[in-house]
1. Suppose each label sits 7 Å from its Cα in the direction of the beta carbon; what would the ASN124-VAL202 distance come out to in nanometres?
2. May I ask for the distance between the Cα centers of segment 182-196 and segment 43-94, given as a whole number of Å?
3. I need the phi-derived Karplus couplings for segment 48-56: 6.51 cos²θ - 1.76 cosθ + 1.60, θ = phi - 60°, integer Hz, Gly and Pro marked x.
4. Would you kindly derive the ³J(HN,Hα) couplings of segment 142-158 from the backbone phi angles with the Karplus curve 6.51 cos²θ - 1.76 cosθ + 1.60 (θ = phi - 60°), listing them in order in whole Hz, with x for Gly and Pro?
5. What length, rounded to one decimal in nm, is gained on full extension from ASP96 through to GLN191, with 0.36 nm per residue of separation minus their alpha-carbon distance?
6. Using the Karplus equation 6.51 cos²θ - 1.76 cosθ + 1.60 (θ = phi - 60°), what ³J(HN,Hα) coupling, rounded to whole Hz, does each residue of segment 78-89 give in order, writing x for Gly and Pro?
7. Holding the Cα-Cα limit at 20 Å, pick out from LYS56/LYS123; LYS56/LYS190; LYS158/LYS184 the pairs that are longer than that.
Amino acid sequence: MRHRIILLVLIFTFTYSVAQVISSKYLNQSYKAGEKLTYVIRYGFITGGYASLTVKDSIFEGVPVYHAVGRGYTVGMVDKLFAVNDIFESFIDKKDGMTRKKIRKIKEGNYKYYNEATFDRSKNTVNSLKTGIKKVPEGIHDIISVFYYLRCMDLSKKKNGDEIPTVTYFSDDIFPFKLRYRGKELLKTKQGYLNCHKFVPVVEPGRIFKKEDDMTVWMSDDKNMIPVKVSFEMWVGAFVIELTAFENTKSPLRFIK
């Protein structure tokens, strides 16, 4: 059970935690159909898995949407100990960046799970195949759509220490969350140095994390706002998720060699 919790945190807490900012204005200057981001998950020198985020054009109930897909899976020794292959899908309205439908398909060891949910924005409800219809807060996102919504935010007025509360729909439940802004930093990567925004998601200390600020996220300081690196300090050790490849970004990433 402990292995399962750790692996899920490494693969998808990344997607859930780096993207918790909600704004009243939405203007997509950050991503386009065809974009693909690929990440490696490491524990020290051990490669434990990979994650990817892709987006393409689609139509949902006659509405133009982005079909965004997040996938995470284990490899090597970690895969032999406890195999994980999880997929999250989101159909995002191009007009306002809100989720219209979400799909969750997971395979973790011998455990399999599948669910779909549709969002009715006029009534502020979600209709899940598993649990039926429930009321949700206005402007709620799923864990994929909120990632792309964050990338469209204007951070020019944010100051070091600012906290941004929000709420996300995950596993047929409502999760309030806070993200703390920590200013800008020149981050060293394998591709070169990159100017980044720095965030500290406020996590819950306990079985996984020692302190509430044991996760740090760096996102590119440009129009793309791409997550470049995530570090985790856990009771079992330090883990890192790093961007390894990117395709068809809306604007070029400008690394400093």
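Derivation of every value follows stated rules applied to the coordinates shown; laboratory data play no part. Bear in mind that the values here come from a model prediction, so they are computed numbers and not experimental data. Cβ coordinates were reconstructed from backbone atoms using ideal geometry, including for glycine residues, and neighbour counts include every protein chain displayed.
1. 2.2 nm
2. First find each Cα centre; the distance between them is then 24 Å.
3. x, x, 9, 9, 9, 10, 10, 9, 9
4. Karplus-based 3J(HN,Hα) across segment 142-158 equals 9, 6, 8, 4, 5, 4, 6, 5, 4, 5, 9, 6, 8, 9, 4, 9, 6 Hz.
5. Working: separation 95, 0.36 × 95 = 34.20 nm, distance 3.33 nm.
Contour length minus the Cα-Cα distance gives 30.9 nm.
6. With the stated coefficients, segment 78-89 comes to 4, 5, 6, 6, 7, 6, 10, 9, 10, 10, 10, 10 Hz.
7. Working: LYS56/LYS123 27 Å; LYS56/LYS190 27 Å; LYS158/LYS184 10 Å.
Beyond 20 Å: LYS56/LYS123; LYS56/LYS190.
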